[in-house]
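Q: Encoded as structure tokens, here's the structure I'll be asking about.
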Amino acid sequence: MFGAIIGDIVGSCYENINCKSTDFEFLDRRSRFTDDSTLTIATADAILNGLSFADAYWEWGNRYPYAGYGGRFFEWLHSTEKKPYFSFGNGSAMRVSPVGWAFETLEETIEAACRSASVTHDHPHGIEGAESAAAAIWMARNGKTKEEIGEFIENHFFYDLSRSLDEIRPDYEFDVTCMGTMPVAFRAFLESEDYVSAVRLAVSVGGDSDTIACITGGIADAFYREIPKEVHSFMRAKLPQEMLEIIDQFEEKYVMRKLT
């Protein structure tokens, strides 16, 4: 989940700017955590402490009410019923990375991703976004190749991963749907050489850069298992202590990490 949160923080100051290059300031002082990080922490908290995903999202969302939530999710945070609202937005995928680390089998991972999405994003496309991101993380951390991951995603979730980022980038615009986000996030991972290049590629497409980089970063982290120490330190300096405590507990229980 380090990788997802770093992606969110790095991409945060480029959201809506439509950065179309990989040549940008990676550790920008303007960067901040957004709703992507907040709800990723909530997912980890739910898994660690046996909370329902709905309760964890509601609690953390209201704890950080100005993190930048979408309009419908913001309304959900102010509802006492916590009912799903048939969303196919990319919010289901940006918060799911802990699921990809916490379960033994791919089947368990996909089932848990479905549960995490369904409390808000119960549209089939919203569920598929979470399932595909978690599945890619599970496969990456279990030693599958990029070719195997890409083939599985295309065959099981029917995302078209044939277009390169160079083909996508010129006309790509802000898109918060899973259908518009997931192929781009997967392509950024597939074309990357290491963790940092994956996040750079994700941001370079433009649009909803923090969320694309969050999803890509989560997969790349599981695949490469190496994050530069200065990047890791930069992330920690941006987060409040209560978030770091959840991250550290989750990492200790589920993740073995190498910092370069």
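The values are calculated or read from the model by the stated rules, or taken from the named source; none is laboratory data. Bear in mind the structure is a predicted one, so any value in this text is a computation, not a measurement. Please note: Cβ atoms are built from the backbone with ideal geometry, for glycine as well, and neighbour counts cover all protein chains shown.
Q: Does at least one position in the range 102-118 carry a residue that is of a type outside the set (Asp, Glu), closer than 19 Å to CYS178 by Cα and touching a strand residue (DSSP E or B) at 6+ places or on another chain (Cβ under 9 Å)?
A: No, the range 102-118 has no match at all.
Q: Of the conditions (1) more than 19 Å from SER37 (Cβ to Cβ); (2) in a loop (DSSP other than H, G, I, E, B); (3) not hydroxyl-bearing (Ser, Thr, Tyr), PHE223 clears all except one; give me its number.
A: (2)
Q: Restricting the range 33-81 to residues that are surrounded by 16 or more Cβ atoms within 10 Å (Cβ to Cβ) and among the charged types (D, E, K, R), which is nearest to ALA4 (Cα to Cα)?
A: ASP36
Q: Do we have PRO228 as within 15 Å of the chain's Cα centre (by Cα) and surrounded by fewer than 22 Cβ atoms within 10 Å (Cβ to Cβ) here?
A: Spelling it out, it is not the case that PRO228 is within 15 Å of the chain's Cα centre (by Cα) and surrounded by fewer than 22 Cβ atoms within 10 Å (Cβ to Cβ).
Q: Listed residues PRO170, PRO98; which is in contact with a Phe, Trp or Tyr (Cβ under 7 Å, 6 or more places away or on another chain) and either buried (at least 16 other Cβ atoms within 10 Å of the Cβ) or not in a loop (DSSP other than H, G, I, E, B) (or both)?
A: Checking each option against the conditions leaves just PRO98.
Q: For the range 101-111, which residues satisfy the criterion of being part of a helix (DSSP H, G or I) and either at pLDDT below 95 or crowded, with 18+ Cβ neighbours inside 10 Å (or both)?
A: Matches in the range 101-111: TRP101, ALA102, THR109, ILE110.
Quick grid of which residues meet (1) closer than 20 Å to ALA44 by Cβ; (2) of a type in the set (Val, Ile, Thr); (3) outside any helix (DSSP H, G or I):
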residue	(1), (2), (3)
ALA113	yes, no, no
SER116	yes, no, no
ALA130	yes, no, no
ALA135	yes, no, no
ILE149	no, yes, no
ASP160	no, no, yes
PHE174	no, no, yes
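Q: Please count how many residues of the range 236-255 are more than 19 Å from ARG63 (Cβ to Cβ) and either touching an Asp or Glu at 6+ places or on another chain (Cβ under 8 Å) or in contact (Cβ under 8 Å) with a residue 12 or more places away in the chain (or both).
A: Selection size over the range 236-255: 4.
Q: Where residues in the range 184-193 are surrounded by fewer than 24 Cβ atoms within 10 Å (Cβ to Cβ) and touching a helix residue (DSSP H, G or I) at 6+ places or on another chain (Cβ under 8 Å), which of them is nearest to LYS146 (Cα to Cα)?
A: Among those that are surrounded by fewer than 24 Cβ atoms within 10 Å (Cβ to Cβ) and touching a helix residue (DSSP H, G or I) at 6+ places or on another chain (Cβ under 8 Å), it is LEU190.
Q: Could I ask something else about it? Run PHE86 past the list (1) assigned to a loop (DSSP other than H, G, I, E, B); (2) closer than 25 Å to GLU252 by Cβ; (3) hydrophobic (A, V, I, L, M, F, W, C); (4) free of Cβ contacts under 8 Å to residues at least 60 places away in the same chain and report the number of the one that doesn't hold.
A: (2)
Q: Sticking with this one: Counting only residues that are acidic (Asp, Glu) and closer than 21 Å to ALA117 by Cβ, how many does the range 134-159 have?
A: Result for the range 134-159: 1.
Q: Across the range 1-39, what is the number of residues that are in a loop (DSSP other than H, G, I, E, B), touching a residue at least 60 places away in the same chain (Cβ under 8 Å) and within 18 Å of the chain's Cα centre (by Cα)?
A: 9
Q: So, one more: What single numbered condition from (1) within 17 Å of ILE17 (Cα to Cα); (2) among the charged types (D, E, K, R); (3) free of Cβ contacts under 8 Å to residues at least 24 places away in the same chain fails to hold for ASP166?
A: Result: ASP166 passes all but (1).
Q: Report yes if VAL184 is of a type in the set (A, V, I, L, M), touching a residue at least 40 places away in the same chain (Cβ under 8 Å) and either part of a helix (DSSP H, G or I) or within 17 Å of GLY11 (Cβ to Cβ) (or both), otherwise no.
A: When the stated conditions are applied, VAL184 does not pass them.
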